[in-house]
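Q: First the structure, then my questions, so here it is.
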Amino acid sequence: MMRRANFFGLPVCRLSGLAALVVSVAAVGWSQPAMAAEEVTGAGSSFAAPLYEAWSAASSTKTGVRVNYQTIGSGAGQNQVLAGTVAFGASDAPMAPERLTSGKLMQFPTAIGGVVIIVNVPGVPDGSLRLNGPILAGLYDGSITAWNDERIAALNPGITLPDLAVAPLHRADGSGTTYVFTDYLSRVAPEWLKRVGKGTSVAWPMGAGARGNDGIASYVRNTEGSLGYVEYAYAERNHLATVQLQNRAGDFVAPTAESFTKAADAATWDDNTLTASLCDTNGQGAWPIVTTTYALIPRDSLNKSRGKAVSRFFGWGLTDGEAESRKLDYVPVPVRIRNVVLHRLNG
């Protein structure tokens, strides 16, 4: 059984030389209880918002840092940190290397989580509906328009599906969650790749739009026949019905911390950029839509007060904050990756 998230109301290997990068967390000094809390502002990913809010609440007295996090979407978060208006940006779509270089930014992973499909289909028990990638693409491209379509029925023997119109919902803002979702559809449905493709914002063939993960969750909760895609914590805290998805191994998998971890374990990380694709991995029992979320910090701030405060915040989050991550069903980044991040933050 998954733990219910209890917080803050409603509304996406090898590393050479790691033996030399063993980081002593105690020596880094992430905790500074004697300091008055310094406020820093971060902005971006709504996928990461529950985690960063929880880390801030739990760590402020120990790190001397309080984070004011603005949920504005990954695209806007990238733009804000490039413009220098926030101390850090947050994005589920990794920034392109050339853009990182020109913007003089450091990017690093902070947590791994699942993007889940939420539905409001009357008469269908929570967690019982089975879908696969091509059918999910059909629900979003308009080729499947009713919930009792024979293609859905074939995957769900024994479930009575209503003769109800499908109402797909997508993000209206530039979104890392959209990037992850459309990346998945592009991998499992060739027609989707050809007609729509992937990105933080795409030309959706049909459906309505809402802002943020919380906007999607609220709409689906109140609209019969609807479906949407959100970070798992939003489905949990709104008590929304999720679906099982068929993964590359052929298993129908429910979204759980265990299935997210299996996807993460099957991923390959890039040694230099510390990025990984966790979508549609080949792990047995792996949830197929999993992503890493990233933080972005101006490199020239790391020797200044604001940058040092951001480093303490993320240093605490990646170590002591793992307990908070697991409470919200995020998966901590692998230890070998975390140690490199800590080394760079302390650099």
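Q: Within the stretch 124-148, which residues are surrounded by 17 or more Cβ atoms within 10 Å (Cβ to Cβ) and in a loop (DSSP other than H, G, I, E, B)?
A: Val124, Leu129, Asn132, Ile144, Trp147, listed by residue number.
Q: Still on this structure, I have one more. For the stretch 215-223, state whether one or more residues are under 18 Å from the mean Cα position of the chain (by Cα) and either buried (at least 22 other Cβ atoms within 10 Å of the Cβ) or more than 14 Å from Ser46 (Cβ to Cβ) (or both).
A: Looking for residues that are under 18 Å from the mean Cα position of the chain (by Cα) and either buried (at least 22 other Cβ atoms within 10 Å of the Cβ) or more than 14 Å from Ser46 (Cβ to Cβ) (or both), one finds at least one in the stretch 215-223, hence yes.
Q: Would you tally the residues in the stretch 149-183 being within 30 Å of Gly89 (Cβ to Cβ) and part of a helix (DSSP H, G or I)?
A: The first filter runs over the stretch 149-183 and keeps only residues within 30 Å of Gly89 (Cβ to Cβ), leaving 168-183.
Now drop any that are not part of a helix (DSSP H, G or I), which leaves 176-183.
So the count comes out to 8.
Q: Identify all residues within the stretch 89-138 that are polar (S, T, N, Q) and closer than 19 Å to Tyr69 by Cα; write none if there are none. Full working, then the answer.
A: Step one: list which residues in the stretch 89-138 are polar (S, T, N, Q), which gives 91, 101-102, 107, 110, 120, 128, 132.
Listed by number, the residues that qualify are Ser91, Gln107, Thr110.
Q: Could you tell me how many of the residues in the stretch 275-332 are in a helix (DSSP H, G or I), within 23 Å of Gly114 (Cα to Cα) and in contact with a Lys or Arg (Cβ under 7 Å, 6 or more places away or on another chain)?
A: 3
Q: Then there is this: Starting from the stretch 33-47, take each residue that is outside any loop (DSSP other than H, G, I, E, B) and list its partners that are at pLDDT below 75, counting only C-beta distances under 6 angstrom and pairs at least six apart or across chains.
A: Close Cβ pairs satisfying both conditions: none exist.
The values are calculated or read from the model by the stated rules, or taken from the named source; none is laboratory data. Since the structure is predicted, the reported quantities are computational estimates derived from the model, not experimental observations. Don't worry about glycine lacking a Cβ; one is built from the backbone with ideal geometry, like all the others, and counts go over all protein chains shown.
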